[in-house]
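One structure is given below, encoded as C-alpha cells.
The values are calculated or read from the model by the stated rules, or taken from the named source; none is laboratory data. Just so it is clear, the model here is predicted, and its values are computed rather than measured. All Cβ positions, even for glycine, are placed from backbone atoms using ideal geometry, and neighbour counts span all protein chains on display. For accessibility, only protein heavy atoms count, side chains too; no ligands or nucleic acids. Shrake-Rupley method; radii C 1.70, N 1.55, O 1.52, S 1.80 Å.
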Amino acid sequence: MIKLTIIFLSIAVISASSGFGQVPSLDDWDVHDLDRPQPPIVSPRGHLTSSPPSDAIILFDGTNLEEWTHTNGAPATWVLTDGYMEVAPGSGTLQSKRSFGDVQLHIEWATPNSGTGQDSGNSGVYLMSTYEVQILNSYSNQTYPDGQAASLYGQYPPLVNASLPPLEWQSYDIIFRRPHFNDDGSLKRPAIVTVLHNGILVQDNIVLTGPTDHRSRPPYRLHDDKLPILLQDHNEPTRFRNIWVRDLENSSTTDG
Ligand code: MG
C-alpha cells in the first residue's frame, strides 16, 4: 500500500510539473529542501552517445582542449586521455573560448566512484557561465533533490532520476533559451531550459528563477547576449567527452 501511494504521488508530481508552458511552483520548497520528494528512478537503456549533426560546433572531440581555457584565460590543464578529459581537481573551472546564447548542447560525462552526497562527482554545465545543470553521481547517492544530477541547481529537481552508476558514460541534451533584458537592465524574458538525461526528459521547458547560486535564489542580473559555457571544477575527477553545440541564435546557418 505504501509502495502504491508512492507511485501515485510520483505520477502526481510528474503530471503537475511536465505540462508545456507550466512552471512548477517553488512556493512550497526552500532552496536545497531535504523534505522535497526524491524524483522516481527510471533506468535508461541502450547507447547514449550522439554524433554531432552537420551544423554542430564541436567543443570537444576527445583529441584536444583547444576550445577551452580556465576562467582566468590560462590554457586548460585538465587531464586529456583515452578520448576524454578529466577534471584535474583544484585546477579550476573551464570555459569555452566561444560564447553562446540560445543553444542545443550535447555532452557526455562520467563520475568517479568515490565520495558521497554533494561530493560524489560533482561538476556542472553552466549555460552562459551563469545557469547550472548539475552533474553529480546520483545513482544510489541521495542529496537534496534540487542538487542531484540533472537538477537546475537550487531550483528544480529532475522529473525523474535517470542516473547510471559511477564510471559509466551518461549524456545530457540541453535546449537553452537565454534570458532577454530591457534597455534599462530589467528582465524582459527569463531563461528557459529543457534537459534530456540519458535520453529521458528530466526538465521540461522550465523557466529559471534567475542565476544559479548556493543556498539562495538570486534574481536575474543583466548580462551579455552571449557568454561562455562553463564546466565546473568541484574538486572531483569527473570525466567529459563528445561535447557539441548547435547555435540556435544562428540556426539558419548550415553547411548542408
Ligand atoms: Mg555542480
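Observations
- Filter result for Gly210 (open to solvent by 50 Å² or more (accessible area, probe 1.4 Å) and of a type in the set (Gly, Ala, Ser)): no
- Boolean, Asn205 is surrounded by fewer than 20 Cβ atoms within 10 Å (Cβ to Cβ), outside any loop (DSSP other than H, G, I, E, B), more than 16 Å from the ligand (Cβ to nearest atom) and modelled with pLDDT of 95 or more: yes
- Scanning region 141-173 for residues that are part of a strand (DSSP E or B), within 14 Å of the ligand (Cβ to nearest atom) and open to solvent by 10 Å² or more (accessible area, probe 1.4 Å) yields nothing.
- Top-ranked residue of region 50-66 - restricted to ones that are farther than 23 Å from Gly121 by Cα and part of a loop (DSSP other than H, G, I, E, B), ranked as most open to solvent (accessible area, probe 1.4 Å): Glu66
- Scanning region 92-130 for residues that are within 12 Å of the ligand (Cβ to nearest atom), within 17 Å of Leu227 (Cα to Cα) and open to solvent by less than 10 Å² (accessible area, probe 1.4 Å) gives Gly124, Val125.
- Residue within region 2-9 that is assigned to a helix (DSSP H, G or I) and either modelled with pLDDT of 95 or more or basic (Lys, Arg) (or both) present: yes
- Evaluation of Asp247 against (1) open to solvent by 50 Å² or more (accessible area, probe 1.4 Å); (2) out of contact with any Leu (no Cβ under 7 Å at 6 or more places or on another chain) (one fails), failing number: (1)
- Against the list (1) within 17 Å of Asn137 (Cα to Cα); (2) assigned to a strand (DSSP E or B), the condition His234 fails is (2).
- Options Arg215, Arg177, Arg189, Arg221; residue that is open to solvent by 50 Å² or more (accessible area, probe 1.4 Å), under 22 Å from Asp33 (Cβ atoms) and over 11 Å from the mean Cα position of the chain (by Cα): Arg215
- Residue satisfying all of: in region 122-140; of a type in the set (A, V, I, L, M) and outside any strand (DSSP E or B); nearest to Glu236 (Cα to Cα) among these: Leu136
- All positions within region 87-105 that are closer than 16 Å to Glu67 by Cα and charged (D, E, K, R): Lys97, Arg98
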